[in-house]
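Heads up: the structure comes next, in structure tokens.
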Amino acid sequence: MLYQFYEFQRSLISPFSIWAEASARALTLPGSAWSKIPGADRYAAAWELLHRLGKEYTKPEFGIRSVVAHGHEVPVVQLQAMGLPFCNLLRMKRYTDEPQTIADLKEDPVVLIVAPLSGHHSTLLRDTVQTMLPEHKVYITDWIDARMIPAEQGPFGLDDYVHYVQTFIRHIGAKNLHVMAVCQPVVPVLAAISLMAAAGEETPASMTLMGGPVDARASATGVTDLAGNRSMRWFSANLVHPVPAHFPGAGRRVYPGFMQHAGFMAMNPRRHVTSHWDFYKQLIAGDLEDAESHRKFYDEYNAVLDMPGEYYLDTVRTVFKDYLLPKGEWVIDGERVDPAKIRTTRLMTIEGEYDDISGLGQTRAAHQLCIGLPESARYHYEVPKAGHYGIFSGRRWRRQVYPEVRNFIRAQASA
């Protein structure tokens with residue numbers, strides 16, 4: 001009933017949110033008589049803040065129209081390279097008519113960015129994609145909101161996630177492919193490549209694992225504490241709910257996006273309150289640039305999706321409770337997941353010094369599992385003063401992390 005109650009509450013708030021937006025516009029439009037009343041800027045700022053607190057945030061677009069590659073500005077078109085019930089494989093295709101630039105683009109390494117299925121849409125990695133595009137052919141996984149997937153499509157668990165990653169690698173072609181996993185998919189990506197190696201399949205040239213819980217025992221965070229203090233029955237009863245009847249996925253059990261969003265906000269409540277208060281003051285002061293930055297950030301941050309319930313519970317149990325991967329006890333389709341089988345896929349791990357979601361050591365643990373690789377084929381980079389999001393987005397990603405990733409991929413491509 002919780003999901004149904006939330007939808008009922010949202011239906012009550014929605015008209016008020018729309019009215020608040022209209023009021024803010026009326027008080028700021030240059031030709032409006034309402035904009036001339038004393039204190040109009042303060043009233044407008046208050047109404048817009050109320051509108052943004054109550055509005056529904058839909059999935060944003062990547063919105064990458066062009067990039068500068070090899071000294072030329074080239075247009076970028078988003079294509080669907082493959083479609084599966086729970087995920088689409090997108091390609092950010094670069095185009096040009098200039099012969100030398102075409103030749104240069106063809107020589108760029110191919111990268112598959114595996115986006116997390118952990119609340120936010122894949123557009124959370126927009127900065128990651130945009131930074132990679134000038135020097136790489138980029139594919140990215142685009143996970144579908146579970147409430148939009150009809151129940152007859154069946155369940156989707158962590159093992160299915162592994163199969164999806166393998167399917168995408170085979171579709172693109174493992175030879176000369178570089179896989180980059182950000183946060184949650186670090187575990188299923190490592191499992192997918194391990195199983196492919198064990199089966200004698202060709203595996204990607206390299207894998208870059210960024211801020212993910214390969215071994216959640218390595219350091220404590222709020223995520224590990226929650227998993228350790230609650231039973232699987234508690235997670236199933238309190239965090240997994242059926243989708244209401246008016247959605248295509250009616251009846252499917254999911255971990256609702258609104259509950260995930262509440263968890264995100266609860267991790268740093270003071271920061272978010274301060275950010276919204278600053279937004280109000282920026283509107284009053286006419287600081288439109290900073291106000292627009294606030295809008296863009298929260299348009300992305302507040303847009304969440306529902307996760308399949310089976311997948312969420314599998315992840316809690318496999319990764320954060322039973323630690324099956326580092327213990328060597330994870331079995332998929334009768335085959336034990338053994339990263340030691342990986343012999344030709346070079347490994348890079350990245351961690352943020354101040355990461356409070358995947359703490360220090362959790363990702364680096366992959367080196368202790370991939371013992372089939374010589375030390376010269378493994379590289380670790382710890383990003384000074386970076387939090388979780390800083391390792392794949394923002395200034396530190398662009399200036400510190402990306403050069404390391406680029407050089408690592410180029411070294412494997414040259415080899």
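The values are calculated or read from the model by the stated rules, or taken from the named source; none is laboratory data. No experiment lies behind these values; they were computed from the predicted model shown. All Cβ positions, even for glycine, are placed from backbone atoms using ideal geometry, and neighbour counts span all protein chains on display.
Looking only at residues in the range 286-312 that are in a loop (DSSP other than H, G, I, E, B) and within 16 Å of the chain's Cα centre (by Cα), the one that is farthest from ARG252 (Cα to Cα) is ASN302. Of everything in the range 11-58 that is among the aromatic types (Phe, Trp, Tyr) and in a helix (DSSP H, G or I), the residue that is farthest from ALA285 (Cα to Cα) is PHE16.
When the range 313-332 is filtered for residues that are under 23 Å from TRP143 (Cα atoms) and more than 18 Å from the chain's Cα centre (by Cα), the ones remaining, listed by number, are LEU313, ASP314, ARG317, THR318, PHE320, ILE332.
Can we say ASP333 is surrounded by fewer than 20 Cβ atoms within 10 Å (Cβ to Cβ) and in contact (Cβ under 8 Å) with a residue 40 or more places away in the chain? In short, yes. Residues of the range 226-261 that are touching a helix residue (DSSP H, G or I) at 6+ places or on another chain (Cβ under 7 Å) and of a type outside the set (A, V, I, L, M, F, W, C): SER236, HIS241, PRO242, PRO244, PRO248, GLY249, GLY251, ARG252, ARG253, TYR255, PRO256. Within the range 222-232, is even one residue in the same structural domain as MET348 (by TED's automatic domain parsing), out of contact with any Ser or Thr (no Cβ under 6 Å at 6 or more places or on another chain), among the hydroxyl-bearing types (Ser, Thr, Tyr) and under 28 Å from ASN407 (Cα atoms)? No: the range 222-232 contains no residue that is in the same structural domain as MET348 (by TED's automatic domain parsing), out of contact with any Ser or Thr (no Cβ under 6 Å at 6 or more places or on another chain), among the hydroxyl-bearing types (Ser, Thr, Tyr) and under 28 Å from ASN407 (Cα atoms). Scanning the range 343-360 for residues that are within 21 Å of the chain's Cα centre (by Cα), more than 19 Å from GLU404 (Cβ to Cβ) and crowded, with 20+ Cβ neighbours inside 10 Å turns up at least one hit. Would you mention how many residues in the range 46-70 are within 30 Å of PRO134 (Cα to Cα), surrounded by 18 or more Cβ atoms within 10 Å (Cβ to Cβ) and acidic (Asp, Glu)? The total comes to 0. Return the only residue of GLY394, GLY372 being out of contact with any strand residue (DSSP E or B) (no Cβ under 8 Å at 6 or more places or on another chain) and either at pLDDT below 95 or surrounded by fewer than 15 Cβ atoms within 10 Å (Cβ to Cβ) (or both). GLY394 is the lone residue from the list that is out of contact with any strand residue (DSSP E or B) (no Cβ under 8 Å at 6 or more places or on another chain) and either at pLDDT below 95 or surrounded by fewer than 15 Cβ atoms within 10 Å (Cβ to Cβ) (or both). Screening the range 150-180 for residues that are of a type in the set (A, V, I, L, M, F, W, C) and assigned to a strand (DSSP E or B) and picking the one that is surrounded by the fewest Cβ atoms within 10 Å (Cβ to Cβ) gives LEU177. Do we have THR315 as under 25 Å from VAL162 (Cβ atoms) and in a helix (DSSP H, G or I) here? Answer is yes for this residue.
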